[in-house]
Ligand SMILES: [Zn+2]
Ligand SMILES: [Zn+2]
């Protein structure tokens, strides 16, 4: 299955088709989220999904499936606060409420893939790559592989990212 | 410490030009949202924390060479009309004027950094004409200089912002366009709808909300994540060029098939500007819009266009109030506005065959 989980963005393992307000909606779930939402028993699956998305668009699904008590341990901001203001409390909120935020971002943005500049400052500990040189190498490697495998769209995207970050 | 009045008086050139292209395009602007990693976002921080954030931000900005000789204004110590004038001058946003902490502006008014707007830092560069590519170079360097390794950044989703609509690049690139042709031809709504469908936002820029006084529209990117800064710039420049072509076509069409109509409109506007005794803000934008159009059709000398652009800012309420104590009264402002415009247009003649 080539689709992403509607709850967390991981590759989907379960696919449910649902008719809501006369339009057909496809719902994809990863095995983890499927389990969380009682989807492992094929008989109970449709019912519990229905409960979660009744009357709503799939794109708004996360609003029904995350508890408003969910909050950020760093700043105390909760999902209920987000629904009121449309803003989050601190930068850690994105990681603390990742599943919800990534769904929200998916609805608002072109994609959830960051393609912008790499900060000039090398001190970013949160980077998986140890600074710029490694990132450059790994992007160049990814570019080579993409070209080898004739995935030209991916290759173009990686090339753009290399240009954006390293000129 | 400079006052807002001194700061505005200093504006030698209208923002300075960056691009050749000034027909139809008034100015280009890029804005970056940046936050400090270990602080709450302004909306969620209390006063003490916001002060703290402002101190960190100010010490960063004090070392920034692009701000050399520039000014800092503390928002809470400004008068309402001073805040309004800075808004009209594109130095601050309405949000900042309501609840922000500080703004730092460069002397040439081409750079401003807002502190504790929706994000800790909102960096903005602005120039006359079309020139997003050049602006990206400038603001990219400023961003690098301000980055002490303490920005909120995540490799997977980029720069972290208070609102998820700005996350990723944190970048808004915009081009301000003068589109009287599309407005007169009633194609503007169609154009706006078409652009909205491809991830481009169009807003009126003068006056409140989305109302487009003076036929001026701001075209900017809707998405900040899922595309690179270059992608955004290329997209907005491409869109702006396409809109420009449509505007040219609309203008040609109007001057060809409704020649008497448009020339009459221009001549009457010129007459009013030259001899009115009082004029309101909204009406003057409409009149100045026609003069800008006339200058680009060779009906007025093109050399006056910068002056027209400048007066579009300076005849607004906040500016008038900064420059005169009497301007607090609306009727007085209308008379002052008329006087300024009368003087400017007194020696500008129209040439039509
Ligand atoms: Zn999942
Ligand atoms: Zn938080």
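One table, with the values for the structure above:
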| quantity | calculated |
| --- | --- |
| Within 10 Å of each Cβ in B:257-268, the average number of Cβ atoms from other chains | 0 |
| Diffusion constant of the range B:258-345 at 20 °C, which comes from Stokes-Einstein with the Kirkwood Cα-pair radius and 1.002 mPa s, µm²/s | 162 |
| Cα-based Kirkwood hydrodynamic radius, the range B:165-315, one decimal, Å | 16.6 |
| Nearest-ten-degree value, helix B:330-345 long axis tilted from longest Cα axis of chain B | 70 |
| Residue mean of other protein chain beta carbons inside 10 Å, B:34-41 | 5 |
| Fewest-first sequence of B:242, A:104 by Cβ atoms within 10 Å of each Cβ | B:242, A:104 |
| Relative packing of peptides B:273-284, A:148-159 - highest average C-beta neighbours within 10 Å first | B:273-284, A:148-159 |
| Linear extension gain, residue B:189 paired with residue B:303, 0.36 nm per residue minus alpha-carbon span | 37.9 nm |
| Folded to 0 to 90 degrees: helix B:259-275 orientation relative to chain B principal axis, Cα | 70 |
| Candidates B:193, B:23, B:119, ranked by Gaussian network fluctuation over chain B, Cα under 10 Å, top entry | B:193 |
| Ordering of B:80-90, B:154-164 by packing [mean C-beta count within 10 Å, highest first] | B:154-164, B:80-90 |
| Cα-based helix-to-principal-axis angle, B:281-296 vs chain B, degrees rounded to 10 | 70 |
| Relative exposure of B:303, B:93, judged by other C-beta atoms within 10 Å (fewest first) | B:303, B:93 |
| Whole-number D in µm²/s for the range B:178-251 (Stokes-Einstein; Kirkwood sum over Cα pairs; 10 °C, 1.306 mPa s) | 125 |
| Inter-chain Cβ neighbour average for residues B:167-176, partner chain, 10 Å | 3 |
| Chain B: most fluctuating residue of B:336, B:130, B:114 per GNM, C-alpha cutoff 10 Å | B:336 |
| Packing-based ranking, highest mean first, of B:219-226, A:72-79 given that Cβ atoms within 10 Å are counted | B:219-226, A:72-79 |
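No value in this document is a laboratory result; all are computed from the given coordinates. Everything numeric in this text was worked out from a predicted model, so none of it was measured. Cβ coordinates were reconstructed from backbone atoms using ideal geometry, including for glycine residues, and neighbour counts include every protein chain displayed.
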